[in-house]
Structure formats: C-alpha cells, structure tokens
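The values are calculated or read from the model by the stated rules, or taken from the named source; none is laboratory data. None of the values given here were measured: they were computed from a predicted structure. Every residue, glycine as well, gets a Cβ built from its backbone with ideal geometry; the counts of neighbours run over all protein chains shown.
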There are 2 protein chains.
Amino acid sequence: MNVYIIGVGLIGGSLALDMQHEFKNCTIYGIDQQEEHLQEAINLGIIQKKAELKDVTNADIVVVSIPVDVSVDLIPEVLNLVSDNCLVIDVGSTKTQICQAIEQHPKRRNFLATHPIAGTEFSGPKAALRNLYKGKTNIICEVEKTAFKLQEKALDIFSKLGMRIRYMDPKSHDKHIAYVSHLSHISSFMLGKTVIEKEKNERDIFDMAGSGFASTVRLAKSSPAMWTPIFEQNKDNVIETLEEYIQNLQHFKQLLEEHKFSEIYSEMENTNHIKQILTGIQEVKLS
Amino acid sequence: MNVYIIGVGLIGGSLALDMQHEFKNCTIYGIDQQEEHLQEAINLGIIQKKAELKDVTNADIVVVSIPVDVSVDLIPEVLNLVSDNCLVIDVGSTKTQICQAIEQHPKRRNFLATHPIAGTEFSGPKAALRNLYKGKTNIICEVEKTAFKLQEKALDIFSKLGMRIRYMDPKSHDKHIAYVSHLSHISSFMLGKTVIEKEKNERDIFDMAGSGFASTVRLAKSSPAMWTPIFEQNKDNVIETLEEYIQNLQHFKQLLEEHKFSEIYSEMENTNHIKQILTGIQEVKLS
C-alpha cells in the first residue's frame, strides 16, 4: 500500500507514524514544500521516501495535511493525478470551502473530507506523535459523496488509529468548531498579547505566572501559518463567536464595576458545570 | 512543632502533606468551618487532629488558607490569640487588603504575607497534593515587617518545600497578579460560558471539543467561593486588565471584519514568543 502524506508536520506526521505501525505492508512517501522537513521526517522515521506531487499517480492513499488555503488549491490537482482506486483524505480544520472546491470534480468520489480533533500547539515533523489520534473524534463531512469502498478503506484506517467517528455537514462543522476550537485559539492569543504588552514595562510579571496561566495561553504557541487561513475561511462564524465572547466579558466587567459580587459568584457557579462536560476530554501536556 | 492549618483545602492541605514529610516532629491540627472537610482531611492523612480557633494559643505555626475575604477578618483574631513566638502565614491570592488589615496590629511582627503561585482548578481536602509547591514561586510581601527569627522559620519551610522566593510590595503583587492569574480565570470562565450558552441549542458541540478547548477552559472549574472575594479585593486592577484584554479582542475582530489577514498573521506571530516566556512554567494536568 502506497501512502502519500502531503505536509509532514504534526497532523500528517502523526498519521504516518500510526499507519506504519498498523499496516505492515505500507510504504509512506512524504511530500512537503520544505526540503528540510522531508529530511527531518526521514530521520525521525515518519516517512520512508521523499516524493513529488506528480508521483501520487502511484498512490493508494493520499493524506493532505497542509494549511487550509493551500488545500483548496492543491486537492483538485491531486484528484486530477490519482488513479480511480485512490483515496484522498483531507484533514483540515475547516470543511465548507474545500467541499465546495471539489464539488464538481470528476473524481469527487475519491475524496473524503475529515477533521480529526487532535493536535497540540506545536508544528513540524518533530511535533508528530504516535497515538495522537487514539480516543479522539474524527468528523467526516459529506460521507455519501465518497465511493463506498473508499469510505470503507478510510473507516478501517480510522478504526485502527482508535478514533470515533461523527458525521456532519460541512456548514454545521464550521459553525460548531468555531466555538470549541477557533475561539479558544483567539482567546488564548489575545490573553498572551495582553500580558506580553504589559510585560514590556514590567519584567517581573512572568516570574509570577503559574500553571493556570500556562494552560490558558498554551494555544498562543500555535502556528500563524496554519491558523491565519483557518480564520479566513471561517471568518463569519469566528466573528459571531468572538462577538458573544466579548459581550460576556463586558458583562462580567460591568458586574465588577457595579460591585455585584453575588452575580459574579453565580456567573462562575453556572459555568462550573463545564467540569462534567469536559469529562473525557484529555488535556495534552507538552509544554 | 504544632502546626495549625486553618482551611484544609487544596492549598492548606498540600502544605500540611509536605510539612509532615519534611518535619518529622510536627503535629498538624486542622481548623475548618466544614466538619466534613476536617473528617476527610483526617481520613486522607492530611491532618492529625481537629482543632478550634481558640486552640491556636498553643501553635508554633498557623497557616491561614481560606477565602481572602474571611482572612481579612480572621487573621487579626488569630494574631490576638497566638503566642509571641508563633508564625502566622497567610497564603491568599491578594495581598494589599490583608497587609492593611493587620498594619497596626500589636502582633504584626508575627505575621508573614505570602502567595505561593501553585494550585489546580480543584478544591477541598481531596484536591491536596504532595509536592504541589516544588519548583514553584512564593511571593512574600513586606518581609521587613516580620520578626527576623520568624522570617527565618518561614524561609526554612519554603526551602524544604522546594519553593523559590520573590519579594514584592503588596500593591505591585496585586497589580501584576491580575495579569497572570486573575485575568486568565475570567477569560476561561467567559469562554466556558460562551460555549455552554451555545450548547443549550446545539448538543453536538462538546463532542467536537478537543484538548485545546479543555486547556483554555480548565480554570472555569475553579471555586466561586474562592474567586469571588479575590476579584472583589483586586477589583480595580482586574478591571484594568479586562479592559486591555477586551480591546485586544475587539481589535482582532476588526481585523477579521476588514479582511486584514496579514495583520492577523503578525498578531499571532508576535504572540508566539510566549513559548520562550513560558519555558519553565509547567502545566498541571489533572482533569
């Protein structure tokens, strides 16, 4: 089985590591714009061989794990090249634009739109991890548009990687993920920014930071190259979540200003049940 | 050595566990408004004996680890009761009001104002952990107002617990800690609220949440009883940080609305150096 990973970073690299382990007969080829990433991926045992885009004619499976703006342009090209039996999997964090981009493609049935909810704040081949996907959710969009036997092939892989599957339409995916992923990244980046701005004059601040701060700003380490196109593609949904978040913060500030501390208590108490909601979501500790 | 812990929760309980281990000759007495907490603390081996406030006449060390509003009223009473050689340590998250409250107390020299930057989002005796303080920062305020030999006693304990010490005046402490701790709690609570509000209608959202979301909302599990009085005592500083945070979020939203994605890229890139800043702060993974 010839597996081509386009983009040998955290997501593609982790997938390659698990697939090598689960499928004894597979050869992993890496394609990446950055030559040093390919070499690093070989040294780390993530891929076996370097390849170029034109080589995917020979692929059984192609995984596209690159920034979502590049995917929209590249995936139609990949579909042009691959054989009739090849499965092309996209793993990006937004699903509407990519599904639209290949809607009319003659090889639409070779394509599967997925979003594995897994990752860390790090990027590049060094960030790849074995078992990153174990116990995680994979959201599959427009499954009915993929050929039966390629659906089957994909589900077999995801099952061997230990993922649970949820089916969703691309628009609902993008709307919901704005709340539980995209907004978290913005809140974290802006928290980091607020404190760094202060720190310019107050060098002692970070000496006072504890694990709580580290946890809330962890996502501010994420890659701008990966996240800028995500925010661009999901702009409308992200703006909506951001408005609601800012409103809630303003309301909290107003309660402080008006000295309404019993209401502040209630605000926190009502949100405490996030404990139950989060049960089962494991925090990744890598910093 | 008779050690009295007033408030046998996460902070006081963890301190009790470490002190038992480091000082073989110490007896730990627990004082707590909640009888079931005391019983639990005995069952968990956190304290050896239950006690009442009047018993602190007999104490060598009293640690006050209760909500900061209660501390302000209780610490003067504790100082009234203790002997001349007793060290009374406060470990609350705000320092200005408590330092003011005991400024003129005849036993001011028996008191040491500290803030160990350690903790988790959990509370109560069950949350107590051995080695919680190892490698963590302890901020000591107005050290010059504590008697020499009691300073020495306290530093010996903190050193055995593995803490590094930073000296600071109470006003600077409260101003800086608003950025690296109090603001993180609000950003986390309001992020949790925003997503929970949405989830009322959209039951599927939490199935899509990953480790990034879990990390950014972790602090939203924190105790309202502990945090409401912290926000109240540090109201002015907290409002200031919140204003700056909201401004940064609004600016980010505006960049989205105006489709300025190269500026969004720069915003994230500039904040990325939080990586270096956070090196050395360990995230606590307990959820």
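Brief remarks follow.
- Selected residue (only one of B:ILE66, B:ILE98 is modelled with pLDDT of 95 or more, assigned by TED's automatic domain parsing to the domain that holds B:ALA147 and assigned to a loop (DSSP other than H, G, I, E, B)): B:ILE66
- Residues of region A:200-240 satisfying the condition of being more than 25 Å from A:GLY124 (Cβ to Cβ) and more than 7 Å from every other protein chain (Cβ to nearest Cβ): A:LYS200, A:ASN201, A:ARG203, A:ASP236, A:ASN237, A:GLU240
- Where B:ALA178 falls short, out of the listed (1) more than 7 Å from chain A (Cβ to nearest Cβ); (2) under 20 Å from A:TYR179 (Cβ atoms); (3) touching a helix residue (DSSP H, G or I) at 6+ places or on another chain (Cβ under 7 Å): (2)
- Checked against the criterion of being assigned to a helix (DSSP H, G or I), acidic (Asp, Glu), facing chain A (nearest Cβ under 7 Å) and out of contact with any helix residue (DSSP H, G or I) (no Cβ under 6 Å at 6 or more places or on another chain), region B:147-159 has no qualifying residue.
To keep it simple, each residue is scored yes or no on (1) closer than 24 Å to A:LEU219 by Cβ; (2) touching a residue at least 60 places away in the same chain (Cβ under 8 Å).
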site: A:PRO67; (1), (2): yes, yes
site: A:VAL91; (1), (2): yes, yes
site: A:LYS95; (1), (2): yes, yes
site: A:GLN104; (1), (2): no, no
site: A:ARG109; (1), (2): no, no
site: A:PHE122; (1), (2): yes, yes
site: A:ASN131; (1), (2): yes, yes
site: A:ILE139; (1), (2): yes, no
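- Odd one out for B:SER187 among (1) in a helix (DSSP H, G or I); (2) surrounded by fewer than 24 Cβ atoms within 10 Å (Cβ to Cβ): (2)
- Scan of region B:21-42 for residues that are within 21 Å of the chain's Cα centre (by Cα) and touching a residue at least 40 places away in the same chain (Cβ under 8 Å), ordered by number: B:HIS37, B:ALA41
- A:ALA225 vs. criteria out of contact with any His (no Cβ under 6 Å at 6 or more places or on another chain) and farther than 21 Å from A:SER93 by Cα: no
- Scope region A:251-278; condition closer than 18 Å to B:ILE196 by Cα and part of a loop (DSSP other than H, G, I, E, B); matching residues: A:ASN272, A:HIS273
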